[in-house]
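First the structure, in the form of structure tokens, and then the observations on it.
The values are calculated or read from the model by the stated rules, or taken from the named source; none is laboratory data. Everything numeric in this text was worked out from a predicted model, so none of it was measured. Positions of Cβ are generated from backbone atoms using ideal geometry, with glycine treated the same way; all protein chains shown enter the neighbour counts. The area values use the complete protein model at the heavy-atom level, side chains included, leaving out ligands, DNA and RNA. Shrake-Rupley method; radii C 1.70, N 1.55, O 1.52, S 1.80 Å.
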Amino acid sequence: MPRQPPARDTPAINDAFVARLLPWFDGHGRHDLPWQHPRSPYRVWLSEIMLQQTQVSTVIPYFLKFLSVFPTLPTLAAASNDAVMAQWAGLGYYARARNLHAAAQRCVEQHGGELPGDVDALMALPGIGRSTAGAILSQAWNARFAILDGNVKRVLSRYHGIDGFPGLPAVEKVLWALAEAHVQHVPADRLADYTQAQMDLGATVCTRSRPACVICPLQDDCVARREGRSDQLPTPKPSKVLPEREAVALLLRDGQGRILLQKRPDTGIWAQLWTLPQAERGADLQDWFDAHVDGALEDAEVLPVLEHTFSHYRLHLQVLVRRVQGLRREDPALRWVAAADLPTLGLPAPIRKLLESGAPPVRAKRRTMRGATPSDDFE
């Protein structure tokens, strides 16, 4: 059994939170999610990582497909990076996949191929923080650990009337204290259900916008509902305008119709994925082309600008299409890939969509990269 957390001084708490939430879960919670049957440590862990920043409805098909390819932790650990990324492609936030793979390998090296049931050992693994560790321990082992994901932060902020953006350390500290105080009142045989109940309430009733307060089991004691502040809590993150960035990419085909892909570095945007050769400035991409590719970019066909929003900026990607003779020299970071083999590689979702669409050229516009226009000089 997992080691239980040490006793802590907790603020006085209203037992009604737990007492009302569990019966609601029995009648209205989600009981047929694929990772609940069975709730093995590996399946729970995989689901928790996939559910970070991603909705349940989106995760389910990815979870089932991923599990069919990597049914156990050792099979995941033994897989190649490309194989893991190929199954994750489209789910986004790719650092999750890299950490998942690295953590599986560490479990094989240090824990006999099993996910450890100790909170400190879990949190020492890549990609597992305090809340994720608590979710794994409570659901896989029915251990008494609190969680504090986005749904729970929202529920607790409204229920207790906690002002301040939940991402701020001071506010998060208060929410953790409340979460840990509540979990002390959960019956020993209901800890897995209680964890799921909190997430379900936040996802289906106490939603970010237009919460269904009239059917909420906690409405009688909810500070936000009593004070008419459900639309104000939790306090929103201070808004900021996403910066805009521009870049140029090359969609190069050889005489066999294969596409040239480049492996991204181990860090940064789209790390370790295969994508089109890309640079921020047209002149830099021309220099790269001259050094690596046998051919010419004059009269390259221009595709419509591809827009993709990351968490911290919006990218405008200009894609140029050209048929070339081949590579000037072998490079392990470059690979010619047939269209039929694209599903075997991890590609960023917008690039995969572009390539699978056939990427028809736009022949009405042509461009010579040597004659750089002001728009070529991207920051």
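Some points to look at:
- Any hit, the stretch 215-224, residues being in contact (Cβ under 8 Å) with a residue 12 or more places away in the chain, acidic (D, E) and farther than 30 Å from V305 by Cα: yes
- As a summary of the residue check, L250 satisfies the conditions (1) open to solvent by 10 Å² or more (accessible area, probe 1.4 Å); (2) in contact (Cβ under 8 Å) with a residue 12 or more places away in the chain; (3) at negative phi; (4) not charged (D, E, K, R) except for the one numbered (1).
- A residue that is modelled with pLDDT of 95 or more, of a type in the set (D, E, K, R), assigned to a helix (DSSP H, G or I) and closer than 17 Å to P343 by Cβ cannot be found anywhere in the stretch 82-93.
- Subset of the stretch 332-343 [modelled with pLDDT of 90 or more and either open to solvent by 40 Å² or more (accessible area, probe 1.4 Å) or under 26 Å from V305 (Cβ atoms) (or both)]: P332, A333, L334, R335, W336, V337, A339, A340, D341, L342
- Pairs meeting the criteria (first residue in the stretch 53-81 and within 18 Å of R39 (Cα to Cα), second residue surrounded by 15 or more Cβ atoms within 10 Å (Cβ to Cβ) and of a type in the set (D, E, K, R), beta carbons under 8 Å, at least 6 apart or on different chains) are L67/R43.
- Filter result (surrounded by 15 or more Cβ atoms within 10 Å (Cβ to Cβ) and touching a Leu at 6+ places or on another chain (Cβ under 9 Å)) within the stretch 181-190: H182, V183, V186, R190
- Residue in the stretch 292-310 that is touching a residue at least 60 places away in the same chain (Cβ under 8 Å), closer than 15 Å to R245 by Cβ and within 29 Å of the chain's Cα centre (by Cα) present: yes
- Restricting the stretch 82-125 to residues that are among the polar types (S, T, N, Q) and closer than 20 Å to L51 by Cβ, the residue that is least open to solvent (accessible area, probe 1.4 Å): Q87
- I259 satisfies every condition listed in (1) at pLDDT below 95; (2) within 29 Å of H101 (Cβ to Cβ) except (1).
- Condition met for C216 (farther than 25 Å from A97 by Cβ, in contact with a Lys or Arg (Cβ under 7 Å, 6 or more places away or on another chain) and buried (at least 18 other Cβ atoms within 10 Å of the Cβ)): no
- Selection status of C206, crowded, with 21+ Cβ neighbours inside 10 Å, over 17 Å from D15 (Cα atoms) and modelled with pLDDT of 95 or more: yes
- Single match in P265, P217, P234 (criterion: closer than 18 Å to S157 by Cα, within 24 Å of the chain's Cα centre (by Cα) and of a type outside the set (A, V, I, L, M, F, W, C)): P234
- Selection from the stretch 294-331 of residues that are of a type in the set (G, A, S) and open to solvent by 50 Å² or more (accessible area, probe 1.4 Å): S311
- Residue within the stretch 280-293 that is in contact with an Asp or Glu (Cβ under 8 Å, 6 or more places away or on another chain), modelled with pLDDT under 95 and open to solvent by less than 10 Å² (accessible area, probe 1.4 Å) present: yes
- Residue satisfying all of: in the stretch 126-152; in contact (Cβ under 8 Å) with a residue 40 or more places away in the chain and of a type in the set (S, T, Y); least open to solvent (accessible area, probe 1.4 Å) among these: S138
- Condition check for G167: more than 15 Å from L22 (Cα to Cα), of a type outside the set (S, T, Y), modelled with pLDDT under 95 and surrounded by fewer than 18 Cβ atoms within 10 Å (Cβ to Cβ): yes
- Enumeration of residues in the stretch 266-278 that are touching a strand residue (DSSP E or B) at 6+ places or on another chain (Cβ under 6 Å) and not in a loop (DSSP other than H, G, I, E, B): W274, Q278
- Output for the stretch 344-353, where each listed residue is out of contact with any Ser or Thr (no Cβ under 8 Å at 6 or more places or on another chain) and either assigned to a loop (DSSP other than H, G, I, E, B) or open to solvent by 70 Å² or more (accessible area, probe 1.4 Å) (or both): T344, L345, G346, K353
- Matching entry among T275, T267 (being more than 30 Å from G161 (Cβ to Cβ), β-branched (V, I, T) and either surrounded by fewer than 19 Cβ atoms within 10 Å (Cβ to Cβ) or modelled with pLDDT under 90 (or both)): T267
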